[in-house]
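Take a look at the following structure, please.
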Amino acid sequence: MANSNSLHIAIIGAGIAGLGAAYQLKRAAETGDFDISYTVFESDNRIGGQLWTDRPTLPCGGAVIADGGSDSYLTRKHATMARVAYLMGTENQLIGTDDSTKQTFIVKGGKLIPLPDGIMMFAPTKILPMATTKLYSWPAKFRMAADLIIPRKKLDPGIDESIGSLVRRRLGSECMDRLAEPLVGGINGSNPDTMSTRATYPMLLDMEQKYGSLIRGFLAQRKQVEEMRVKASAMTGKPSSSAPRTFFSSCIDGLDDFTNSMAQAIGEQNIRTRTPVTALKRITDGKYELTVAREESTNIVRRSGVICEHSSGMQDNTVQETIHADAVIITAPAWTAGEMLNDLAPEVAEILSGIPHSSCATIITAFDEADALFAKDWHGILAPGIEHQKVTGISLMSSKWAGRAPAGSVLLRGFVGGARDDVTHNLPDDELVELVCKTYVDLLGLAPDAVPTYAKVFRFPRAMPQYIVGHLDRMKALNQHMAKQIGLALGGAAYTGVGVPNCLESGEEAALKILSDLGCVVDDAR
């Protein structure tokens with residue numbers, strides 16, 4: 001053993017990063033070389049963070065699978081895909097999107113305009129669809145085509161630029177306002193005019209430097225993808241029908257099946273929900289002391305597949321408890337982590353407090369198909385900010401994923417909030433449900449008197465970190481400070497990526513740092 005002492009690690013936060021950190025520690029302990037234990041502390045009454053699935057039964061008797069938070073991850077992230085399959089026992093528990101109905105619409109003048117074929121992110125790669133689309137004016141189309149002749153802006157390596165600046169400079173303002181803003185800004189909950197290109201889509205800056213044009217860069221990328229697909233088909237034959245091969249993947253029964261499976265793998269007895277960490281300090285022997293608030297009478301239950309604690313109903317039963325740990329991994333939101341570290345690591349706290357976060361809410365509703373007679377050959381609708389729509393995005397979940405709603409029902413998800421609107425997500429539940437219903441009537445043709453057979457609001461306050469210009473430089477400084485913090489590590493969405501795979505990898509990297517700090521060097525077998 002590298003260390004003969006028993007080591008206990010505290011993990012703050014039971015989202016995908018925190019569970020990923022615990023799972024990495026479990027794997028290290030299972031080698032038999034280290035005596036490691038861990039406890040995950042979660043302030044909420046559920047695990048999973050932004051992976052949050054509800055599975056209600058409708059009045060008709062069938063059930064829906066409602067992913068209120070993230071509903072998918074990138075299929076190309078093979079490590080995550082393999083981890084999901086391993087934890088859930090089989091690849092057959094994974095599902096890809098139904099790409100026979102993958103059309104996307106953009107709102108323009110209160111009407112739905114199909115996204116032109118050949119658009120990659122926001123750049124056109126096919127002439128005819130771009131020439132005939134009603135999404136852009138003719139001056140805007142010529143301005144976008146000018147990307148092919150506008151000289152590249154020479155940038156020194158590492159120089160950052162906002163997404164808004166880059167798109168306007170290469171493709172024009174109308175491209176920015178009509179597509180890049182709702183697509184890039186909406187997905188990330190960010191303001192493109194402050195959003196770091198280097199930290200979010202670095203290939204865009206690389207494309208300009210290498211090809212002198214974003215359009216040429218995307219054309220080259222499309223050619224590479226097609227060549228890889230042909231090569232893979234020639235080498236392996238027909239792709240396996242058991243594994244999803246679409247751009248996005250999920251779990252058959254909802255994405256929080258992944259976090260629930262992780263919780264079972266690391267041991268539910270090692271997870272304490274409704275137990276916020278209220279104070280953290282380093283004590284004289286280099287260990288850490290955590291103050292947690294716990295309810296005296298709680299027990300673990302499952303609600304819609306979500307592991308959570310259930311209070312006995314006693315009032316004023318919260319007590320303070322002191323926990324000692326050899327190391328601490330913080331996967332709570334960066335602003336929470338910053339508050340915890342104000343005294344312990346003020347330089348770190350200052351950087352964390354400078355990472356802005358936006359809030360959002362998703363509203364999922366089910367309707368009888370008789371009330372929803374509109375076409376259903378699409379996955380999503382995006383509303384640019386210039387349209388002044390409070391519902392900025394819509395997903396037709398029952399078309400996007402097989403099995404999300406029973407026959408005869410339609411499942412829709414509306415999105416509000418993000419960097420452009422910090423007000424609407426605070427509306428009461430009934431007003432948010434009324435808002436999305438009216439939007440569906442106006443945009444889709446939902447029956448005006450339609451009543452949802454299911455409606456639920458999922459709220460994510462200050463949940464979306466903003467990677468503003470200069471983010472990578474701040475992360476470099478953060479890493480330098482954290483390297484000096486022995487036995488302390490950070491993980492989560494605020495640092496190296498907001499997607500499910502990024503958060504999982506962030507938690508695992510945090511666990512590896514802790515193991516190294518404690519002298520427990522292990523092979524990274526992720």
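The values are calculated or read from the model by the stated rules, or taken from the named source; none is laboratory data. In this text, all values refer to a predicted model and were calculated from it rather than measured experimentally. Methodologically, a virtual Cβ is constructed for each residue, glycine included, from the backbone with ideal geometry; neighbour enumeration extends over all protein chains shown. Accessible surface is based on the protein model in full, side chains and every heavy atom, while ligands, DNA and RNA are left aside. Shrake-Rupley method; radii C 1.70, N 1.55, O 1.52, S 1.80 Å.
How would you order 374-386, 486-498, 412-424 from highest to lowest mean count of nearby Cβ atoms within 10 Å?
486-498, 412-424, 374-386
Then there's this: Could you list the residues of region 18-43 with an amide nitrogen less than 20 Å from a label point located 7 Å from the Cα of Ala82 in the Cα-to-C-beta direction?
Of the residues in region 18-43, 20-31 have backbone N under 20 Å from the label point off Ala82.
Oh, and also: Could you give the length gained on full extension between Thr322 and Phe142, defined as 0.36 nm per residue of separation minus the Cα-Cα distance, in nm?
The span from Thr322 to Phe142 would gain 58.3 nm if fully extended.
Using alpha carbons only, how many degrees (0 to 90, rounded to 10) separate the axis of helix 16-29 from the longest principal axis of the chain?
Between helix and principal axis, roughly 50 degrees.
Oh, and also: Leaving ligands, DNA and RNA out of it, rank Trp335, Trp401 by accessible area with a 1.4 Å probe, largest first.
Reading off the accessible areas and sorting them downward yields Trp335, Trp401.
Follow-up. How would you rank 189-199, 433-443, highest first, on the average number of other Cβ atoms within 10 Å across their residues?
189-199, 433-443
With 23 Å as the limit, write out which pairs from Lys126/Lys400; Lys77/Lys141; Lys102/Lys126; Lys102/Lys456; Lys77/Lys456 have Cα-Cα distances beyond it, or answer none.
From Lys126/Lys400; Lys77/Lys141; Lys102/Lys126; Lys102/Lys456; Lys77/Lys456, over 23 Å: Lys126/Lys400; Lys77/Lys141; Lys102/Lys456; Lys77/Lys456.
Given contacts defined as C-alpha pairs under 8 Å and at least six residues apart, what's the relative contact order of the chain, whole-number percent?
24 percent
In what sequence, highest mean first, do 126-138, 212-224 appear when ranked by Cβ atoms within 10 angstrom?
212-224, 126-138
To the nearest 10 degrees, how steeply does helix 202-211 sit against the main Cα axis of the chain, on a 0 to 90 scale?
Taking Cα atoms only, the helix is inclined about 50 degrees.
Using the beta-carbon distance between Leu74 and Glu347 and R0 = 30 Å, what value does 1/(1 + (r/R0)^6) give for FRET efficiency, to the nearest 0.05?
0.35
Between Ala402 and Thr278, what is the label-point separation in nm under the 7 Å Cα-to-beta-carbon projection?
Output for this residue pair reads 5.1 nm.
So, one more: Which far-off residues, 5 or more places away or on another chain, put their amide H under 5 Å from the one on Lys126, with H placed in the peptide plane?
none
Using a 1.4 angstrom probe with every protein chain in place, what is the largest-first accessible-area order of Glu505, Glu208?
Heavy-atom accessible area, descending, gives Glu505, Glu208.
Of the accessible area of the chain, with the probe set at 1.4 angstrom, what percent is carbon plus sulfur?
53 percent
Put a dot 7 Å past each Cα toward the Cβ at Lys154 and Glu434; how far apart are the dots in nm?
Using points 7 Å along Cα→Cβ, the separation is 6.1 nm.
Still on this structure, I have one more. Full-extension gain between Gln209 and Thr31, please, as 0.36 nm times their residue separation minus the C-alpha to C-alpha distance.
Roughly 59.4 nm would be gained on extension.
What does the C-alpha gyration tensor say about the overall shape of region 135-178? Classify as rounded when a/c is under 1.5, otherwise prolate if a/b is larger than b/c, or oblate.
It comes out oblate by the Cα gyration axes.
Say each of Glu387 and Phe374 gets a label point 7 Å from the Cα, pointing the same way as Cα to Cβ; how far apart are those two points in nm?
Those two pseudo-labels are separated by 1.0 nm.
Could you provide, to the nearest whole Å², the per residue accessible area of the chain with probe 1.4 Å?
44 Å²
For a label point 7 angstrom out from the Cα of Asn92 toward its Cβ, which stretches of region 253-269 have the backbone nitrogen within less than 20 Å?
253-255, 257-258, 261
Nearest 0.05, what FRET efficiency do Leu472 and Val441 give at R0 = 41 Å with Cβ-Cβ as r?
E between Leu472 and Val441, to the nearest 0.05, is 0.40.
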